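**Q** My questions will all concern the structure given below.
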Amino acid sequence: MLVRIGSRGSRLALTQAEQAASRLRGPGVRVAFVPITTAGDRDRRLPFGEIGERGVFVKELEEALLAGRVDVAVHSAKDMTSTDTHGLSVGAYLPRDDPRDALVGASELRPGMRVGTASARRRAQLLAADPSLSVEPLRGNVDTRLRKLRERGLDAIVLAACGLDRLGLSGEIAHRFDPEAMLPEAGQGALALQVRAGDEHLVAAADDPETRERVEAERAIVAAVGGGCLAPVAAHHDGATLTGLVAAEDGSWIERRTGDDPVALGTELAGASTRHA
């Protein structure tokens, strides 16, 4: 049996696709990679909100699945929308890697620093921690962002630690933020293997139940809040505590809640956000 794996074409995405393939290969199972360019890959200049509301790194992969051009799509779970697309499901979550955010270029934040990030969630939490920071937009793949750190004379940039780890670039990380200081994106650190509904058996053996439980709870918070990857919303389950966060993008206010019920947490955060509007 040949399993066609759809993936974005960046070095990190192909590394992650191979990570997934290594868990799917077996007696009688071969894999083939199908690189797919997404809207987020085509335009690396505009802010995500000007490209499309949600799922800018996901939509074209999902279309390929629905059209039957690929059998499995490999996503960074944090890039996915908070609810499953009709006709598709996450058949497996691979064991989660480090979900934390990483500071590159400096070992700590200092007043007045110029910090690069494309994430509204990171921007909000950075400015809430220190309003004197100059948080500047930074698009591109991991290698491009590292190059721009030097070319633009930024003091630091913030990236997902797991991406640097997967690329063998852990040495670039000067500091890993504790989730208490910067709550991660829902699903950060996890890889999701998406399939057509009814084809879950193709990837079921690769599923990590603990990662699934945590990531699904995080995604449920974001769905209940009503935000996607563009909204300053964060959610993280560390195995003991489920935490959600919503904030103003300029960091002028931030609301954090913990609990056991992701829907109740998300609803409470949505209410808090409305009160600040």
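The values are calculated or read from the model by the stated rules, or taken from the named source; none is laboratory data. Computed from a prediction, not measured in an experiment: that's the story for all the values here. Backbone-built Cβ (ideal geometry, glycine too); neighbour counts: all protein chains shown. Accessible surface areas use protein heavy atoms only, side chains included; no ligands, DNA or RNA. Shrake-Rupley method; radii C 1.70, N 1.55, O 1.52, S 1.80 Å.
**Q** Does region 171-189 include one or more residues that are more than 20 Å from the chain's Cα centre (by Cα) and aliphatic (A, V, I, L, M)? Can you show your working first?
**A** From region 171-189, those more than 20 Å from the chain's Cα centre (by Cα) are 171, 174; that's our starting set.
Add one more test, that the residue is aliphatic (A, V, I, L, M), and what stays is 174.
Yes, that holds for at least one residue.
**Q** Within region 1-120, which strands (runs of 3 or more DSSP E) (wholly inside it) include 3 or more residues that are within 21 Å of G140 (Cβ to Cβ) and at pLDDT 90 or above?
**A** Details: elements: 2-7, 30-35, 72-76, 88-93, 101-104, 114-116.
In region 1-120, the matching strands (runs of 3 or more DSSP E) lie at 72-76, 101-104, 114-116.
**Q** Next up: The conditions are (1) in a strand (DSSP E or B); (2) touching a helix residue (DSSP H, G or I) at 6+ places or on another chain (Cβ under 9 Å); (3) open to solvent by 30 Å² or more (accessible area, probe 1.4 Å), and A174 fails exactly one of them. Which is it?
**A** For A174, the failing item is (2).
Yes or no, residue by residue, for (1) closer than 30 Å to G91 by Cβ; (2) out of contact with any strand residue (DSSP E or B) (no Cβ under 6 Å at 6 or more places or on another chain):
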{"residue": "A156", "(1), (2)": "no, no"}
{"residue": "A160", "(1), (2)": "yes, yes"}
{"residue": "P184", "(1), (2)": "yes, no"}
{"residue": "A192", "(1), (2)": "yes, no"}
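**Q** Filter the strands (runs of 3 or more DSSP E) completely within region 177-277 down to those with at least 3 residues that are crowded, with 19+ Cβ neighbours inside 10 Å.
**A** Counting at least 3 such residues, we get 191-196, 233-237, 242-247.
**Q** Just to be sure, is L133 in contact with a helix residue (DSSP H, G or I) (Cβ under 8 Å, 6 or more places away or on another chain), touching a residue at least 12 places away in the same chain (Cβ under 8 Å) and either open to solvent by less than 50 Å² (accessible area, probe 1.4 Å) or charged (D, E, K, R) (or both)? I'd like the intermediate steps shown before the answer.
**A** Details: in contact with a helix residue (DSSP H, G or I) (Cβ under 8 Å, 6 or more places away or on another chain): yes; touching a residue at least 12 places away in the same chain (Cβ under 8 Å): yes; either open to solvent by less than 50 Å² (accessible area, probe 1.4 Å) or charged (D, E, K, R) (or both): yes.
In short, yes.
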